[in-house]
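Everything below concerns the one structure shown next.
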Amino acid sequence: MTAETNAHANVNPNANPRPNSKAAKKDADARAHIRADTGAVDIDSILPPESRALYARLVAGETVRSPDEPGMAPLLALGAVLAEPLGGHVPVSLDRLERRLRASVQGELARTAARLEEIPAVLGELRSHQPSMVESLRAGSQYIFGVRAANRQIGESAEEARELLAAQPGHRTRFVLTEAYNRDLAALSRGVRFRTLYHVSARTNPLVRERVAVMGPKGALFRTLARPFMRMLVFDRKVAFFSDHLDGRPDSAGAWMVRDPAVCAHLAEAFEKEWTLGQEWHTSERPAEVTAGSAVSTQLQRTILRALVAGQDQQQIATALGYSSRTINVHLTNLRTELGYATVYQLVHWWATSPEQDLD
């Protein structure tokens, strides 16, 4: 069925096809909601019934000369009909009209979607100014929506702190490190005691290595740990920030801020236990150069280790290299045996500071 026959099908044969009431015309024009200045159309009522009925009459060949004909104004505003120079009105191509309508509605949808995406950040920023200023909530916890709002709260806590305990597992991007760089340097210049625990894989990140090289001489302490641990920041053992483990929201959604002294003390104690298990950064610098002939690892084993540090599991590595996961495990086991290690975590820790990384 074509669009033109659809127009005929929407006409009620029992209705008066030519209503002349001015009130009816005004009501029809109002319900059309045509915004002629922008070309945008209210999707709730693209055309009122009397306009569709009038269009059917025009398609059937009826001559309608008056622009004040009930239902005509919405048709003209929509562009469904055109006024002829000598009088009368003719329907236009429905294909062209459909393309214009779709483009208009899709533009509205895109603008609506963009506004929806802005809502969490806007409300998160507004929320960040409310509860944190209420004294009754200062001993509790609240979720800070949005990374920018969370970073602002972290910055405010850093300005007042004398001690910072930072547990930072996972990959540290250039944006994240740059965001914290000036803030942490300012904290060090005020004499803040600064300790950061990284995952051992961070030793291969040039940005982290640069950060350690700059901040270490200024008094910051850094260690690495081969096993997983929780991300958190603890200021003066009184304020803590950590990822959401309640609703499972990602780090990109925001962070919890806790002021409960018992919880903060518990988190600080958990950090201290992880810290004692960590390896000091400066004690694990790479030794002298090594050649392929004197290397402990094989070229394939080095390829596997690089993929592990990059975050791939053994099955993914096997698929990429064209081996079975059992073969990948055998190569890792052989290297662990050669080095005298019991776990893959120990192997990854060795690799993070090994000069064999420089080999192909």
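The values are calculated or read from the model by the stated rules, or taken from the named source; none is laboratory data. Values in this document were obtained by computation on a predicted structure and should not be read as measured data. Cβ placement follows ideal geometry from the backbone for every residue including glycine, while neighbour counts extend to all protein chains displayed. Heavy atoms of the whole protein, side chains included, go into the accessibility calculation; ligands, DNA and RNA do not. Shrake-Rupley method; radii C 1.70, N 1.55, O 1.52, S 1.80 Å.
Things to note:
- Derived scalar couplings ³J(HN,Hα) [the range 47-61; Karplus, 6.51 cos²θ - 1.76 cosθ + 1.60; whole Hz; x for Gly, Pro]: 9, x, x, 5, 6, 5, 5, 5, 4, 4, 5, 5, 5, 6, x
- Global size of the range 42-130: 20.0, 66 Å for Rg and Dmax (C-alpha atoms, Rg to one decimal, Dmax whole).
- Two numbers describe the Cα atoms of the range 119-256: Rg and Dmax, which are 15.1, 45 Å.
- To the nearest 10, the accessible area of Glu118 is 100 Å² with a 1.4 Å probe.
- Divided by 2.2 N^0.38 Å, where N counts the residues, the Cα radius of gyration of the range 195-263 comes to 1.29.
- Spin-label pair Leu86/Arg190, simplified geometry with 7 Å Cα→Cβ offset, distance in nm: 8.5 nm
- Of the listed residues Arg302, Arg326, Arg227, Arg195, the order by accessible area with a 1.4 Å probe, largest first, is Arg326, Arg227, Arg195, Arg302.
- Computed FRET value (nearest 0.05) for Leu359 with Asp260, which takes r as the C-beta separation and R₀ as 51 Å: 0.50
- Length added when fully stretched, Thr112-Arg336, from 0.36 nm per residue minus Cα-Cα: 75.1 nm
- Equivalent-ellipsoid semi-axes of the range 291-360, from the Cα gyration tensor, Å, largest first: 18, 13, 12
- Pairwise label distance in nanometres, Ser325 with Arg65, each label 7 Å out on the Cα-Cβ vector: 8.3 nm
- Our estimate of slack between Tyr181 and Ala310, defined as 0.36 nm per intervening residue step minus the Cα-Cα distance, is 44.1 nm.
- Per residue, the accessible area of the range 156-216 comes to 47 Å², computed with a 1.4 Å probe over protein heavy atoms only.
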